[in-house]
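This report refers to the structure that appears directly beneath it.
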Amino acid sequence: MSVENEYASLDPLETRIATHRKFSERADDVEKAVYDHLRERLGTALLDVGCGTGTFLRRLRSWGYSGELTGLDSSSAAVARVRADGAATGVLGQATALPFQDGRFTTVTARHMLYHVPEPEAALREFARVAGPQGQVAVSVNRARTVPGVTALVERQLTVHALPSTSLAGSTDSERLPGIMAEVFPHVRSYSYENALVFPHADALIRFAVAVLGVYGLSVDSTVRRSVIEGIRAEATEWFAANRVPWRDPKGYTICIGRFS
């Protein structure tokens, strides 16, 4: 399943976002963190690559940003959402072939999307091109094997059902990102954040795990999807019955800011 198909519906993405907002051990606001690192040099035009649900663009308006906002995504559903919101211009496109002229934007953001790109270096070069020599580029990615407990739970059930248990997300993580950013930008600053998801009951864990299935290519119309979900439900329910404590899963991410000056 392609990334475009994975995000044909934004519901799983919204479930994952809501889970991180509600069940993080400490307050976790990636969008605000990205904004805080950029706010002094946002400039007059911002491009958000992989804009998803468009919440970052809407929040930029609520934080007082009055410049031009553009959201780009390879998902038609995401672009339609941005256009309907009215806070920004929505553009359908690919990160490795941005349909914009050189230096078109003063800031480019790519939040938790670069691991979906087969050629992340090519995407970074495109970000740099449209940001221009005076612009800035912010990229955020998860650390390697973030939420390992949920990952193992999902992968076990996929394996039981003889399905591929390799995530569609690539290998661009917190360890790799600073190095490939430095190949494109002479000035790179990295900021790392560590946290955890804490699930107080099985239902919350199950909802999140099911929302992750698309990342592994399991489509909503798969004939075995229901059986996989039942396996996840049974295992999660059994774990909570046996342990009677919250399920704690470490997570983390890194934000890298690249500039030419």
- prompt: Taking the range 218-227 as the region of interest, how many residues are surrounded by fewer than 19 Cβ atoms within 10 Å (Cβ to Cβ) and either touching a residue at least 40 places away in the same chain (Cβ under 8 Å) or hydrophobic (A, V, I, L, M, F, W, C) (or both)?
  reply: 4
query: Of all residues in the range 159-189, which are touching a Ser or Thr at 6+ places or on another chain (Cβ under 6 Å) and among the small types (Gly, Ala, Ser)?
result: SER165, SER174
query: Has the range 50-71 got any residue that is β-branched (Val, Ile, Thr) and touching a helix residue (DSSP H, G or I) at 6+ places or on another chain (Cβ under 7 Å)?
result: yes
- prompt: Name the residues in the range 223-261 that are among the polar types (S, T, N, Q) and within 30 Å of ALA110 (Cα to Cα), would you?
  reply: THR254, SER261
- request: For GLY64, indicate whether it is of a type in the set (Gly, Ala, Ser), in a loop (DSSP other than H, G, I, E, B), modelled with pLDDT of 95 or more and more than 20 Å from LYS32 (Cβ to Cβ).
  value: no
- prompt: Under the condition of being under 12 Å from LEU163 (Cα atoms) and part of a loop (DSSP other than H, G, I, E, B), which residue from the range 220-234 is nearest to the chain's Cα centre (by Cα)?
  reply: SER222
task: Could you list, in sequence order, all residues of the range 235-261 that are in a helix (DSSP H, G or I), surrounded by 13 or more Cβ atoms within 10 Å (Cβ to Cβ) and of a type outside the set (Asp, Glu)?
output: ALA236, THR237, TRP239, PHE240
- prompt: Does the range 80-103 hold any residues that are aliphatic (A, V, I, L, M) and in contact (Cβ under 8 Å) with a residue 24 or more places away in the chain, and which are they?
  reply: VAL82, ALA87, ALA88, ALA95, ALA97, LEU98
- line: Residue set VAL139, VAL210; condition more than 28 Å from VAL224 (Cβ to Cβ), among the β-branched types (Val, Ile, Thr) and touching a residue at least 12 places away in the same chain (Cβ under 8 Å); output residue VAL139
- prompt: List pairs: first in the range 40-55 and farther than 17 Å from ALA97 by Cβ and in a loop (DSSP other than H, G, I, E, B), second at pLDDT 95 or above and of a type in the set (Phe, Trp, Tyr), Cβ under 7 Å, 6+ apart or cross-chain?
  reply: LEU42/TYR65
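What do you reckon, is GLU40 modelled with pLDDT under 95, surrounded by fewer than 19 Cβ atoms within 10 Å (Cβ to Cβ) and not aliphatic (A, V, I, L, M)?
yes
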task: Determine whether THR55 is touching a Lys or Arg at 6+ places or on another chain (Cβ under 8 Å), surrounded by 15 or more Cβ atoms within 10 Å (Cβ to Cβ), closer than 26 Å to VAL150 by Cα and modelled with pLDDT of 95 or more.
output: no
Helices (runs of 4 or more DSSP H) lying entirely in the range 118-199 (those with 3 or more residues that are in contact with a Leu (Cβ under 6 Å, 6 or more places away or on another chain) and under 15 Å from VAL49 (Cβ atoms)): 120-131
query: In the range 146-157, which residues are aliphatic (A, V, I, L, M) and at pLDDT below 95?
result: none
Counted residues, the range 83-117 - those being more than 16 Å from GLU183 (Cβ to Cβ) and either in a loop (DSSP other than H, G, I, E, B) or hydroxyl-bearing (Ser, Thr, Tyr) (or both): 20
- prompt: Yes or no: THR107 closer than 22 Å to SER190 by Cβ and surrounded by 17 or more Cβ atoms within 10 Å (Cβ to Cβ)?
  reply: yes
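The values are calculated or read from the model by the stated rules, or taken from the named source; none is laboratory data. None of the values given here were measured: they were computed from a predicted structure. Don't worry about glycine lacking a Cβ; one is built from the backbone with ideal geometry, like all the others, and counts go over all protein chains shown.
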